[in-house]
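Remarks on the structure that follows.
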Amino acid sequence: MLPTQSLSSAVGDSRALRKTSVLDIFGFEFFSVNRFEQFCINYANEKLQQYFVDFVFKLEQAEYVAEGIDWQQVEFKDNRECLSLIEAKPTGVLAILNEACIAPAASDHDFACQAREKLAGIPHFGAPKMPHTSFVIEHYAGQVMYTTDGFVDANRDLLQPALIDLMMSSQSRYVQELFINLEPTEPSPHASSSSFSTSGDAHEMGHESRDTHASSRARGGMLGGTRAGPSGRSTIIFTSITTQFRNQLGALVAAIRHTSPHFVRCINPNAHRSPIVFDTMACLEQLRCGGVMDAVHVTRSGFGSRYVYADFIARFHCCAPLAADGCDGSQVQIAAALIRAMGMREDMFRLGSSKMFLRHHVIELLEVRRSELLRQFVVRLQCAWRRCCSHRQMKVRLCSHPLVEQCLVPSHETTCCIPGISLRFFLTLLLFPTSSPVVFRVGVCGGVYVCA
């Protein structure tokens, strides 16, 4: 069984089968020199990123509709302009490259000149002054400059029909099935001397009997990788690499749209595989290349923060405890009065059926106010606790001081007294004794003492 063959077809069971598929793709690539391979990889990432953004947008739209919020007021941005730059006909990068491959004497420099001329002024496209054989595409992850050296030859990548026929004549069915989709189709009698397919229609997925191919080989013959046509002219029909890649990528995205996808983004904390090193810039670059930043931007374009009414009231009621006094008791009214009492405008939030939707900067303001209020509460609590601890320590020190013990003994000696002495003054004399003696009377016992 082929690696790409469906399990259901191999088993022959007509019942619907549930299956789990894992798609692992190359990440976004940009090096000092970017060639045809990087262009195809980044094009695939751009295509899948569009699906990812559409998927996130549909989730946002579904939640807005379920909560009764007008989602049309929310503006979302995607990468359709960049994909149109690559895929558009006849002025897209792929179309220009295929057109350059048709010309027998076309070179990479000719392709670069045509791309610069036809795509000048189009968004997401740039043409640097040096070198002349390069162009720049602004992808969702950033700008990438591609060198056109080898683009034309890599896009042609001709597989000789003689080699295909040789593989198809193999005695092994496995080898035949490997090349069954690469068979060159018979051209029509009105075909030109050399045909180049850019739409992907040259190779149909239907099966043609091997007897028909054998008879056609006998009639037309193969010489030097060409097939003799009705008038003896070359009638090679082949599909460019970019066309095949585009068709396969479109089929992949179409298959993904019929599934329930879950996305997993793997982030390497550092390039040294160390468990204790966290490279912030490297992680940020991976998030940008993985499309996570764009997904966050899509979410933040609307009302990115959502709170269930009960959770919102429980968290922010301390900021305006008197706001709910005039409400009818429903959680929606209490939450609305609470957020209005905190000074938020009407365009900063939306009230859904079960959730409150907030702008991304609104929740930050609310959290700052709540943190400041909690800080004040904590400071007051610390002051009360420290005061209580200080009083306990003073009580212990006063009770163990010998002068206080003498104050408790009555005495009839009279020398000099200072009436109205306060407890604070008395504690000051005990804790910070002065150099000169001070005479005072404590309590109502009448004793007179000297504190040095």
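The values are calculated or read from the model by the stated rules, or taken from the named source; none is laboratory data. Just so we're clear, the structure is a prediction, and the values are computed from it rather than from any experiment. Cβ sites come from the backbone with ideal geometry, for glycine too, and all protein chains shown count toward neighbours.
Selection of first residues in the range 39-58 that are under 17 Å from A251 (Cα atoms) and surrounded by fewer than 20 Cβ atoms within 10 Å (Cβ to Cβ) and of second residues that are at pLDDT 85 or above and of a type in the set (V, I, T), restricted to Cβ pairs under 6 Å at least 6 apart or on distinct chains, gives the following pairs, ordered by first then second residue: Y51/V253. For the condition closer than 20 Å to F28 by Cα, of a type in the set (V, I, T) and modelled with pLDDT of 80 or more, T259 does not qualify.
Considering only residues of the range 152-162 that are assigned to a helix (DSSP H, G or I) and under 45 Å from the mean Cα position of the chain (by Cα), which is modelled with the lowest pLDDT?
Restricting attention to the range 152-162, the residues satisfying the condition of being assigned to a helix (DSSP H, G or I) are 152-156, 161-162.
Filter once more, keeping what is under 45 Å from the mean Cα position of the chain (by Cα): 152-156, 161.
Numbers: V152: 93, D153: 91, A154: 92, N155: 92, R156: 85, P161: 75.
Only one residue tops the list, namely P161.
Within the range 28-35, is even one residue basic (K, R) and under 30 Å from L97 (Cα atoms)? Checking the range 28-35: at least one residue is basic (K, R) and under 30 Å from L97 (Cα atoms). Screening D54 with (1) within 30 Å of S301 (Cα to Cα); (2) in contact with a helix residue (DSSP H, G or I) (Cβ under 8 Å, 6 or more places away or on another chain) gives one miss only, at (2). Could you check how many residues of the range 313-342 are in contact with a helix residue (DSSP H, G or I) (Cβ under 9 Å, 6 or more places away or on another chain) and surrounded by 12 or more Cβ atoms within 10 Å (Cβ to Cβ)? So the answer is 19. Look at (1) without any contact (Cβ under 8 Å) to a residue 12 or more places away in the chain; (2) under 35 Å from the mean Cα position of the chain (by Cα) and you find that D149 fails only one, number (1). Scanning the range 268-286 for residues that are within 22 Å of V22 (Cβ to Cβ) and surrounded by 12 or more Cβ atoms within 10 Å (Cβ to Cβ) turns up just one, Q286. In the range 137-149, the condition of being surrounded by fewer than 14 Cβ atoms within 10 Å (Cβ to Cβ), out of contact with any Lys or Arg (no Cβ under 6 Å at 6 or more places or on another chain), at pLDDT 75 or above and within 30 Å of C113 (Cβ to Cβ) is met by at least one residue.
Just to confirm my filter: which helices (runs of 4 or more DSSP H) fall fully inside the range 25-115 and include at least 3 residues that are among the aliphatic types (A, V, I, L, M), assigned by TED's automatic domain parsing to the domain that holds I267 and farther than 16 Å from V136 by Cβ? Before the answer, list the steps.
Details: elements: 36-67, 80-87, 93-102.
Because the criterion is at least 3 residues that are among the aliphatic types (A, V, I, L, M), assigned by TED's automatic domain parsing to the domain that holds I267 and farther than 16 Å from V136 by Cβ, the helices (runs of 4 or more DSSP H) in the range 25-115 that meet it are 36-67, 93-102.
Residues in the range 267-308 that are farther than 18 Å from N79 by Cα and hydrophobic (A, V, I, L, M, F, W, C): I267, A271, I276, V277, F278, M281, A282, C283, L284, F303, V308.
Scan the range 43-95 for residues that are hydrophobic (A, V, I, L, M, F, W, C), at pLDDT 85 or above and within 14 Å of the chain's Cα centre (by Cα) and the total you get is 3.
In this structure, does V296 turn out to be assigned by TED's automatic domain parsing to the domain that holds A141, touching a Leu at 6+ places or on another chain (Cβ under 9 Å) and not basic (K, R)? Criteria met by V296.
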